[in-house]
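Worksheet for the structure shown next.
The values are calculated or read from the model by the stated rules, or taken from the named source; none is laboratory data. Being a predicted model, the structure only gives us computed values, none of them experimental. So basically every Cβ, Gly included, is an ideal-geometry build from the backbone, and we count neighbours across all protein chains shown. Ligands, DNA and RNA are excluded from the accessible area calculation, which covers all protein heavy atoms including side chains. Shrake-Rupley method; radii C 1.70, N 1.55, O 1.52, S 1.80 Å.
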Amino acid sequence: MEYVWKDRKRFLGMPLSFTRYAMSDDRLFLSVGCFSIRDEEVLLYRVRDITVTRTLLQRMLGVGTVVVSSSDKTTARLELKNIKNPMAVKELIHQRVEESKLHHRVRVGEIMASNMDNDDFDDTDDSDFEEE
């Protein structure tokens, strides 16, 4: 598999960690551990929001945290902690998410509808729209 971006969680700005992040054309990956490894992935077309946070120490070390929120049931929130160039990574993820949504023909309404209860919209009561 070919990755478009890879990095590791950093301590004091150096990649001294067993937490690895990667992104392919259609997925975002998290791999944690040395002997016992836990792997998670999020399909990019399911990403709903991307946020960047940078503490003062993170800014001094040139790192930050990118938080990816998705409609994925098992990985609804994926944190890419202490990565280099967090703003550039956020923009790269955003571009890939948009490309993936176009490729899979995902519309905003489909994402929003999958997370709402059917009780939120009641079609049976049209009293508000009756003419006087």
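At a Förster distance of 22 Å, what's the computed FRET efficiency of D49 paired with D26, Cβ-Cβ distance as r, to 0.05?
0.75
Ordering Y3, Y21, Y45 from largest to smallest accessible area (1.4 angstrom probe), what's the sequence?
Accessible-area ranking of Y3, Y21, Y45, largest first: Y3, Y45, Y21.
In vacuo Debye scattering of the stretch 1-73, one point per C-alpha: log10 I(q)/I(0) at q = 0.18, 0.19 Å⁻¹?
Debye intensities relative to I(0), on a log10 scale: -0.83, -0.91.
Which FRET efficiency value, to the nearest 0.05, is calculated for L92 and C34 with the Förster distance at 22 angstrom and r the Cβ-Cβ distance? Can you show the working numbers first?
Working: r = 27 Å, r/R0 = 1.24.
Once the sixth-power term is evaluated, E becomes 0.20.
Please compute the length gained on full extension between L102 and F18, using 0.36 nm multiplied by the number of residues separating them and subtracting their Cα-Cα distance.
26.9 nm
Give me, ordered by chain and number, the residues 5 or more places off T19 or on other chains with an amide H under 5 Å from its own placed amide H.
Amide H to amide H, under 5 Å and 5 or more residues apart or across chains, T19 pairs with K9, G33.
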